[in-house]
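S.K.: A single structure is presented below for examination.
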Amino acid sequence: MPNFYDKQSRERIEMINQALSMKHRSQPYDFSNIEDIKDAFMYTVAEYMDFKNYSSDLGELLEKYDESMEYYYPVTWLDNPDDSDKHDKKVLKAYSSLRKAGDDMQFLARRSENEVIKLISHLLSGSKEFRIGILGKAYIYDEEKMSEIIDSSFDITDTYSVEQSRDSFVELMDEHFDVED
């Protein structure tokens with residue numbers, strides 16, 4: 001879930017929204033309002049899908065960069081980084097920066113994954129009518145199947161909008177969760 005802001009930050013967001021015809025949220029979700037719940041689901045899932053993909057992309061980039069170091073800077077790749085006479089500091093700094101970015105993005109991906117699981121668990125604990133109203137179906141929550149959904153979500157890449165991320169994730173829910181009759 002997004003963090004929400006102090007009065008000054010909310011005013012700045014609202015100015016940007018007005019000036020650029022945007023709709024950035026500055027207020028907490030109202031979980032007694034069905035539209036807010038739908039938005040919370042959509043944006044929580046989209047954040048997870050984005051961060052999961054970014055984390056994966058950074059991991060792949062780090063692997064490729066490591067291969068480049070091996071080929072083009074073998075001494076730097078092999079030697080102790082503390083031996084400053086034998087390595088290229090910029091090459092190592094780039095590696096360190098990529099690794100740090102990857103670690104940070106992996107943290108954000110895990111955090112958003114936990115938020116998705118927590119939100120879906122909460123939503124699917126509601127009445128049949130509530131689940132249908134929010135998600136279109138009365139899915140039955142199952143922790144093991146939720147893990148399968150998370151694992152399967154790694155096959156979904158390149159979602160270009162929050163709506164597309166939500167729809168792709170709901171397709172996984174369709175594949176894995178049972179639905180109450």
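S.K.: Counting C-alpha atoms alone, how compact is segment 1-79: give Rg to one decimal and Dmax as a whole number, in angstrom.
M.R.: 20.8, 61
S.K.: Compute the semi-axes of the equivalent ellipsoid of segment 82-181, taking the square root of 5 times each eigenvalue of the Cα gyration tensor, and list them largest first in whole Å.
M.R.: So the three semi-axes of segment 82-181 are 41, 13, 11 Å.
S.K.: Across the chain, what fraction of all alpha-carbon pairs, as a whole percent, falls in each successive 5 Å bin from zero upward?
M.R.: 1, 7, 13, 15, 14, 12, 10, 9, 7, 6, 4, 2, 1, 0, 0
S.K.: Rg and Dmax in Å for segment 89-139, alpha carbons only: what are they?
M.R.: 19.2, 61
S.K.: Angle, helix 143-153 long axis vs. longest principal axis of the chain, Cα atoms, 0 to 90°, nearest 10?
M.R.: 50 degrees
S.K.: With +1 on each Lys and Arg Cβ and -1 on each Asp and Glu Cβ, how big is the dipole of segment 30-116 about its Cα centre, in debye rounded to the nearest 20?
M.R.: Dipole about the Cα centre, nearest 20: 220 debye.
S.K.: Nearest 10 degrees, 0 to 90: what angle lies between the long axis of helix 162-176 and the longest principal axis of the chain (Cα atoms)?
M.R.: Value to nearest ten degrees: 80.
S.K.: Then there's this: Please report the carbon-and-sulfur percent of the accessible area for the chain; probe 1.4 Å, protein heavy atoms only, DNA, RNA and ligands left out.
M.R.: Exposed carbon and sulfur together represent 49 percent of the surface.
S.K.: For the chain, what does -39500 (n - 2.57) per DSSP helix run (n ≥ 4), summed and divided by total residues, give at 222 nm, in deg cm²/dmol to the nearest 500?
M.R.: -24000 deg cm²/dmol
S.K.: Shifting gears a bit: Rounded to the nearest 10 Å², what accessible area does residue 157 show when all protein chains are kept and the probe is 1.4 Å?
M.R.: Accessible area of residue 157: about 80 Å².
S.K.: In the chain, which longest range has no chymotrypsin sites (Phe, Trp or Tyr not before Pro) that are both DSSP loop (not H, G, I, E or B) and surrounded by at most 13 other Cβ atoms within 10 Å?
M.R.: Value returned for the longest uninterrupted segment is 32-153.
S.K.: For segment 157-181 and segment 66-130, write down the distance between their C-alpha centroids in whole Å.
M.R.: Distance between centres, Cα-based: 26 Å.
S.K.: What do you get for the angle between helix 89-123 and the principal long axis of the chain? Use alpha-carbon atoms, 0 to 90 degrees, nearest ten.
M.R.: 20 degrees
S.K.: Suppose the chain between residue 27 and residue 68 were pulled fully straight at 0.36 nm per residue; how much longer would it get relative to their current alpha carbon spacing?
M.R.: This chain segment gains 10.2 nm when fully extended.
S.K.: Let me spell out the model: positive unit charges on the Cβ of Lys and Arg, negative unit charges on the Cβ of Asp and Glu, origin at the Cα centre of the chain. What dipole size does that give, in debye rounded to 20?
M.R.: On the way: 22 positive and 40 negative charges, 191 e Å.
In total the dipole reaches around 920 debye.
S.K.: With unit charges on the beta carbon (Lys/Arg positive, Asp/Glu negative), name the residue among 75, 162, 15 whose Cα is farthest towards the positive pole of the charge dipole of the chain.
M.R.: Highest projection toward the positive end goes to 15.
S.K.: Which residues does a label at residue 34 reach in segment 129-145, if reach means a backbone N under 12 Å from a point 7 Å past the Cα toward the Cβ?
M.R.: Once the point is set 7 Å along Cα→Cβ of residue 34, 129-137 turn out to lie under 12 Å by backbone N, inside segment 129-145.
The values are calculated or read from the model by the stated rules, or taken from the named source; none is laboratory data. Owing to the predicted nature of the structure, the values given are computational and were not obtained by experimental measurement. Virtual Cβ from ideal backbone geometry, glycine too; neighbours counted across all protein chains shown. The protein model used for the area step is the full one, side chains on, heavy atoms only, and it has no ligands, DNA or RNA in it. Shrake-Rupley method; radii C 1.70, N 1.55, O 1.52, S 1.80 Å.
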